[in-house]
Each structure stands twice: as structure tokens, then as C-alpha cells.
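The values are calculated or read from the model by the stated rules, or taken from the named source; none is laboratory data. Quick caveat: nothing in here was measured; it's all calculated off a predicted structure. Neighbour counts are summed over all protein chains in view; Cβ atoms, including those assigned to glycine, are modelled from backbone coordinates with ideal geometry. Heavy atoms of the whole protein, side chains included, go into the accessibility calculation; ligands, DNA and RNA do not. Shrake-Rupley method; radii C 1.70, N 1.55, O 1.52, S 1.80 Å.
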Amino acid sequence: MLNRLDKLFILTIALSLAGCNGGYSILDPAGPNANAVRWLWWGMFSVGSLVLIGVCALWWYAMRKPHKDYSPYDVKRITNRLVLMGGIGLPVVCISVLLVFGIPAGHNMLPWPSERTITINVHAKQWLWEVSYPDHHIQLTDEIYLPASTPVNIEITSEDVIHSFWVPRLGGKMDAIPGRTNVLRLFGDKPGSYAGQCAEYCGLAHTKMKFVVHVLPENEFATWLSQQQRSTGEANQ
């Protein structure tokens with residue numbers, strides 16, 4: 001028979017695992033940039049868990065060990081050792097390891113020049129996302145179409161307050177700041193539709209700041225572009 005604590009533990013694990021997939025899960029990537037974010041997250045989670053276990057183990061040891069009278073010299077020596085090892089050494093090592101893996105991951109998300117890159121403008125406003133393809137004169141709202149296996153630069157701006165553009169399964173997040181253009185590189189190698197969300201609280205209707213990114217095979221994306229340009233041309237006649 002499971003006691004109440006065991007049942008609570010199992011329920012907690014089940015709820016935690018339920019958050020490992022779905023439209024907004026960074027643990028279910030659909031592109032190399034998002035995959036780098038996933039592994040970075042797992043690394044941080046693993047190191048954080050080890051630190052937590054280590055601290056709990058030290059606490060348990062301190063509570064269980066026999067009482068001993070320490071001299072002022074011993075107290076100072078042990079305190080200095082804990083400060084140097086736990087307060088300085090451990091953070092330096094953890095941050096250094098994080099930078100070793102995090103800097104290359106972030107470097108790959110930068111909008112480096114590429115002949116195959118396409119550019120899409122995304123303008124945030126309360127409470128929607130205006131999407132435009134400057135090279136094809138296409139306008140959309142709350143929807144973005146990308147070709148698979150092609151780097152895409154998202155040029156992000158804002159009309160009113162600070163928003164944040166985020167498609168968890170395709171890459172990192174980028175703030176939309178009034179009066180400034182920020183560029184985020186997206187790369188999707190799995191065709192499908194992926195949920196996006198404003199990740200910065202921007203007002204009462206913040207939860208309405210959702211959008212969808214459709215990643216299409218290259219031939220289907222070319223067909224979609226042609227259809228959209230034809231529709232735009234007919235509408236302007």
C-alpha cells in the first residue's frame with residue numbers, strides 16, 4: 001500500500017512529465033536552434049539538481065553528526081572553506097560550464113548573413129502580430145509561414161509597449177521594443193504548425209497575443225508564396 005507521501009510524489013512526477021511535450025514545450029524541439037536550447041536546459045536542470053542534492057546531503061550530515069566543540073580558529077577555518085568552495089568556487093565553475101555551452105548555442109541563433117536567408121517583418125501591437133514579407137508584398141495577422149530547412153530572419157518591432165516574440169519549439173525568444181528593430185533567427189526542419197506566444201506581460205489582454213508558425217516543405221512554401229502574391233495582385237486591381 002502506498003502511503004500519502006508516495007502518492008504525492010508519484011502525482012508530482014506525472015504532472016512534471018506532462019509538461020514535457022505540447023505546443024509550448026522547449027523539450028520537444030522542431031529545429032536545431034530549439035534543440036540547442038533543450039540541451040542547454042537539460043544541462044542547467046542536471047547541475048541545479050546536483051547542487052540541490054549536495055546541499056540537502058550537507059544539511060542532513062550536519063543535523064546527524066555528533067556535537068563537537070570547535071575552537072574559534074576551527075570555526076573560522078571551516079567558514080572560510082565553505083565560503084571559498086560553496087560561495088565562490090561552485091558558482092564560478094557552474095557559470096563557466098554554462099558559458100562554454102551557452103555561447104555557441106546563442107551564436108548559432110544570431111542572424112548571420114546567408115544566401116538562402118529570407119526576411120520576415122513582425123510588428124507587435126496590443127493585441128496582435130502584424131506579419132509582412134517585404135520581398136513579396138504579403139501581409140498576414142497572427143500567422144507566419146516559413147520554408148523548412150531554410151534560415152529565416154524575423155525582424156521584430158513594437159508599436160506600443162514591450163512585447164516578446166517566442167516560438168518555443170523553433171528557437172529562443174526576442175523582445176519587441178518600441179523604436180527598435182531586433183532580429184531573431186528561426187530554423188525549422190520539421191514541417192508542421194507551431195504555437196507562438198508573447199512572453200512579456202504587455203497589458204490586460206496579454207493572453208491574446210498568440211500566433212501560429214507554419215513550417216512548410218520548400219516546394220509547398222513556394223506554391224504558397226505564388227498563391228498569396230496572386231491574391232494580392234487581384235485585390236489591388
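Observations, loosely collected:
- Against the conditions (1) more than 13 Å from M209 (Cα to Cα); (2) buried (at least 19 other Cβ atoms within 10 Å of the Cβ), S158 satisfies every one except (1).
- Selection from the stretch 71-90 of residues that are assigned to a loop (DSSP other than H, G, I, E, B) and among the β-branched types (V, I, T): none
- The number of residues in the stretch 54-70 being outside any helix (DSSP H, G or I) and exposed (fewer than 10 other Cβ atoms within 10 Å of the Cβ) comes to 5.
- Meets criteria (β-branched (V, I, T), assigned to a helix (DSSP H, G or I), modelled with pLDDT under 90 and surrounded by 14 or more Cβ atoms within 10 Å (Cβ to Cβ)) for V51: yes
- Filtered residues of the stretch 167-181 (kept if on the phi < 0 side of the Ramachandran plot and without any contact (Cβ under 8 Å) to a residue 40 or more places away in the chain): K173, M174, D175, I177, P178, R180, T181
- Cβ-Cβ contacts under 8 Å between residues 6 or more apart (or on different chains), taken from a first residue in the stretch 210-237 that is modelled with pLDDT of 90 or more and of a type outside the set (V, I, T) to a second residue that is in a helix (DSSP H, G or I) and open to solvent by less than 80 Å² (accessible area, probe 1.4 Å), are listed as L216/W224.
- Pick from the stretch 154-198, criterion of a type in the set (S, T, Y) and over 15 Å from the mean Cα position of the chain (by Cα), ranking: farthest from P111 (Cα to Cα): S193
- If only residues of the stretch 168-198 that are in contact with an Asp or Glu (Cβ under 7 Å, 6 or more places away or on another chain) and of a type outside the set (A, V, I, L, M, F, W, C) are counted, the one that is modelled with the lowest pLDDT is R169.
- L184 being crowded, with 16+ Cβ neighbours inside 10 Å, in contact (Cβ under 8 Å) with a residue 60 or more places away in the chain, outside any strand (DSSP E or B) and not acidic (D, E): no
- Test: residue in the stretch 165-179 that is touching a strand residue (DSSP E or B) at 6+ places or on another chain (Cβ under 6 Å), of a type in the set (D, E), closer than 19 Å to G31 by Cβ and open to solvent by 30 Å² or more (accessible area, probe 1.4 Å): no
- Every residue from the stretch 214-223 that is under 28 Å from the mean Cα position of the chain (by Cα) and of a type in the set (A, V, I, L, M, F, W, C): V215, L216, F221
- Taken over the stretch 97-146, the criterion of being in a loop (DSSP other than H, G, I, E, B), surrounded by 17 or more Cβ atoms within 10 Å (Cβ to Cβ) and out of contact with any Lys or Arg (no Cβ under 8 Å at 6 or more places or on another chain) is satisfied by Q126 alone.
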